[in-house]
Structures are given as structure tokens and as C-alpha cells.
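To keep things clear, I will list the structure first and then write my remarks on it.
The values are calculated or read from the model by the stated rules, or taken from the named source; none is laboratory data. Here the structure is a predicted model, which is why all the values come from computation and not from measurement. Cβ: placed from backbone, ideal geometry, glycine included. Neighbour counts: every protein chain shown. To get the accessible areas, we keep the full protein, side chains included, count just its heavy atoms, and leave off ligands, DNA and RNA. Shrake-Rupley method; radii C 1.70, N 1.55, O 1.52, S 1.80 Å.
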Amino acid sequence: MLTTNLEQMQKAAREGYAIPAINTQGGNYDIIMATCKAAEQMQSPIILAHYVATGAYSGHDWFVNVAKWCANKVSVPVSIHLDHGSDFDICMQALKLGFTSVMIDGSTSPVEENAALTQSVVKVGNAFGVPVEAEIGELQRLDSDGTVMENKNTADPEQVRQFLSLCHPDTLAIGIGNAHGYYKGEPDIKLDVLRKVREFTDIPFVLHGCTGMKEEIIKEAIGLGVAKINFGTEIRYKYVQHYEEALKTLNHQGHSWKLSQYACDALAEDIKNIIRLSGSAGKA
């Protein structure tokens with residue numbers, strides 16, 4: 001069932017669970033269907049996430065159409081989300097294509113510029129009835145060994161306060177030491193930032209970079225108002241792993257659909273574990 005998931009995220013923030021956002025690798029049918037199947041079986045709302053870069057092969061319109069088709073095959077709330085939209089134009093393109101949720105990421109800019117960009121997207125998003133996620137405190141980027149590639153910042157709660165006085169996104173991702181990629185060692189996740197921000201706003205928080213983060217940290221973050229948890233790196237590696245298993249163990253006779261079905265079914269079990277971690281099972 002295609003939706004925006006905004007009401008579900010607001011409810012999640014109030015009630016202490018989160019909705020998983022699964023990166024779909026540019027519209028990979030196996031990953032999208034595995035996500036929808038797992039959500040249906042667990043009766044969980046779910047978010048199908050899309051990075052611009054991963055849509056380079058199949059096209060953003062491909063992702064939207066496959067995601068809509070799969071969403072309408074299940075009864076649980078499914079939203080189609082643009083992750084880390086880098087500018088106004090890509091967010092407008094996403095809205096025109098039929099995304100039901102968009103993120104504008106102006107976190108590399110000063111607070112005032114970030115807020116102005118965010119509010120420009122929020123204004124149009126409101127007209128479309130589509131919620132907008134913003135980010136403050138840029139995420140770290142990790143290389144293949146889990147080493148920090150660039151020196152990024154953790155958000156200052158007072159900057160978050162200033163940001164939210166200048167713009168009005170529906171959800172907010174806050175940099176707290178989290179990163180995209182596999183962590184090398186234990187990441188220093190600063191949950192105190194979320195605690196301080198929660199003192200002056202009830203906006204649903206978003207936690208990026210959950211792959212490899214300790215489950216206790218994720219659960220504690222959810223308790224502080226994180227209503228959306230993002231998984232990308234784990235999903236893409238698990239999918240390839242399952243496909244390799246199928247190549248080695250199945251008598252596939254060159255039928256690619258048999259390989260896809262195996263990988264899809266196996267990945268659905270991984271996504272069920274993420275749903276259990278998020279606490280969203282039975283919340284649809």
C-alpha cells in the first residue's frame with residue numbers, strides 16, 4: 001500500500017519504535033520485493049530508499065515504477081523515499097516522478113544556507129503532500145576498510161535549534177558520529193546530542209549509517225525519538241552474498257530467475273531481522 005509514512009513515523013517517534021528504510025540499489029526488483037515481502041509477513045510499515053547514484057544504471061523512473069508496483073502488492077504502508085537529495089532540482093524531479101518522501105541534504109552548507117535550501121524544498125513538498133527529511137551535521141564517509149575518508153562534524157544541539165527555527169522539515173537526520181559504510185572498530189555515537197535536541201523538539205529523528213552499529217546503540221537511539229533507521233551497506237552485501245550462494249548451490253541451469261528468487265527469499269529473512277530490531281513488527 002503506497003503511502004508517505006509520515007503519520008507512521010510520527011507515531012513511531014511517540015511510541016518508541018522505528019521504521020526501517022532499505023536502500024534498493026537503484027530499483028533492483030529482488031531487493032524491493034524482498035523488502036515488501038518481509039514487511040508484509042511482519043506487518044510492518046517500510047520505506048524503500050533510493051540514492052541518486054544507484055539510479056544511474058536503471059533510471060529513477062524505473063525505481064519509482066517498480067517500487068509502486070511492489071508496494072501495491074502488499075497491504076502494509078510502503079513509502080518511496082529519495083535519500084540524500086543533494087539539491088533543489090533533484091528533489092523536484094523526485095516529486096514529479098512520484099516519490100512519496102524526499103530528503104534534502106544541505107548538511108555541507110552553513111546552517112542558514114542549509115535551512116534556506118531545506119525550506120525551499122519543504123514549501124514544494126507541502127504542495128505535493130510529500131514529507132521532507134532534512135540533515136544537519138554531515139555524516140562521515142568511510143572507505144572499504146572502514147577508515148574515515150573525510151573529517152566531518154557532529155551536530156551542535158544549539159545549531160539544530162537555530163536550524164529548526166529557520167525551517168520546518170517533517171523529519172530530521174542529525175550527525176552524531178554515524179557514517180555510511182562499514183565501521184572500522186566501534187563508532188563513537190554521541191546519543192547525548194539526540195537527548196539535548198529532544199528537549200526542545202518532538203520532530204521524528206532519522207538515524208543513517210546503521211550497518212555495523214551496535215544493536216544496543218540503535219535501540220537506545222530509537223528510545224530517544226529515532227523513527228527511521230537506514231540500512232544500505234548491509235543490504236547490498238547480503239544480496240550479493242545470497243546470489244553467490246545460489247550460483248554455487250542451485251541447479252539453476254542458467255535460469256536467472258531461480259538465482260533471483262533464492263537471493264530475494266534469503267534477503268527477506270535479513271530484512272525481517274532489521275524489522276525486529278526496529279520494533280516495527282505488528283505496527284502496520
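Tabulated data
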| item | result |
| --- | --- |
| Other-chain or far-sequence residues with amide H under 5 Å of G26's (modelled H) | Y51 |
| In nm, spacing of pseudo-spin labels at N72 and E269 (7 Å Cα→C-beta vector) | 3.2 nm |
| Modelled label reach - F88, point 7 Å along Cα→Cβ, the range 98-114 residues with backbone N closer than 19 Å | 102-114 |
| Candidate lysines for bridging to K214, where Cα separation is under 23 Å - those fewer than 8 sequence places away on the same chain excluded | K152, K184, K190, K196, K228, K238, K272 |
| Distance in nm between pseudo-label sites at Y57 and H168 (7 Å out along the Cβ direction from Cα) | 4.2 nm |
| Accessible area (Å², per residue) of the range 13-124, counting only protein heavy atoms and a probe of 1.4 Å | 37 Å² |
| Ranked by how many other beta carbons lie within 10 Å on average, peptides 243-252, 164-173 from highest | 164-173, 243-252 |
| Burial order of peptide ranges 34-44, 196-206 (average beta-carbon count within 10 Å, highest first) | 34-44, 196-206 |
| Among the listed pairs K73/K96; K73/K258; K11/K37, those beyond 25 Å (Cα-Cα) | none |
| Percentage of interatomic Cα-Cα distances in the chain larger than 23 Å | 51 percent |
| Helix-derived mean residue ellipticity, 222 nm - over the chain, DSSP H n ≥ 4, -39500 (n - 2.57), to 500 | -14500 deg cm²/dmol |
| Karplus-derived 3J(HN,Hα), 6.51/-1.76/1.60, for each residue of the range 124-137, Hz, glycine and proline x | 6, x, 4, 5, 8, x, 10, x, 10, 9, 10, 9, 9, x |
| Mean Cβ neighbour count within 10 Å, used as a protection proxy, ranking 117-127, 80-90 highest first | 80-90, 117-127 |
| Pairwise FRET efficiency - Q41 versus E220, Cβ, R0 = 25 Å, nearest 0.05 | 0.40 |
| FRET efficiency, Y29 to R161 (Cβ-Cβ, R0 30 Å, nearest 0.05) | 0.10 |
| Cα Rg, Dmax (largest Cα-Cα span) when computed across the range 146-284, Å | 18.5, 60 |
| Simple spin-label estimate for E15 and R276 in nanometres, 7 Å along Cα-Cβ | 2.1 nm |
| Extension gain from K248 to T201, taking 0.36 nm per residue of separation minus the Cα-Cα distance | 11.8 nm |
